[in-house]
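Here's the structure, in structure tokens; my notes come after.
The values are calculated or read from the model by the stated rules, or taken from the named source; none is laboratory data. No experiment lies behind these values; they were computed from the predicted model shown. Backbone-built Cβ (ideal geometry, glycine too); neighbour counts: all protein chains shown. To get the accessible areas, we keep the full protein, side chains included, count just its heavy atoms, and leave off ligands, DNA and RNA. Shrake-Rupley method; radii C 1.70, N 1.55, O 1.52, S 1.80 Å.
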Amino acid sequence: MDETLVHCVDDPATQSSDVILEVTFPSGEKADAGINIRPYALSCLREVSKYYQIVVFTASHKAYADVVLDYI
């Protein structure tokens, strides 16, 4: 997911991002995650979803991945 569909911004307070998402981890800790969506990623996903089941792999934390995937 990261670096193919989206790019996570290290510090959303000082760097621009397409959207800032709030991530709630299982411990209850909350963090803001700024992401930039790769050009044409959404249109590509819309088109291929008409014909295929889309499976996304990531090494990121599940709480972060769920929020990002729900957004896109």
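In table form, for the structure just shown:
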read-out	value
Qualifying residue in region 40-50 (condition: modelled with pLDDT of 95 or more, on the phi > 0 side of the Ramachandran plot and among the hydroxyl-bearing types (Ser, Thr, Tyr))	yes
Conditions (1) closer than 16 Å to His7 by Cβ; (2) open to solvent by 60 Å² or more (accessible area, probe 1.4 Å); number of the one not met by Val23	(2)
Residue count for region 1-20, restricted to those that are open to solvent by 40 Å² or more (accessible area, probe 1.4 Å) and either of a type in the set (Val, Ile, Thr) or closer than 20 Å to Lys62 by Cβ (or both)	7
Matching residues, region 44-72, being more than 12 Å from Met1 (Cα to Cα) and open to solvent by 60 Å² or more (accessible area, probe 1.4 Å)	Cys44, Arg46, Glu47, Ser49, Lys50, Tyr51, Tyr52, Gln53, Asp70, Tyr71
Condition check for Thr24: modelled with pLDDT under 95 and of a type in the set (Val, Ile, Thr)	no
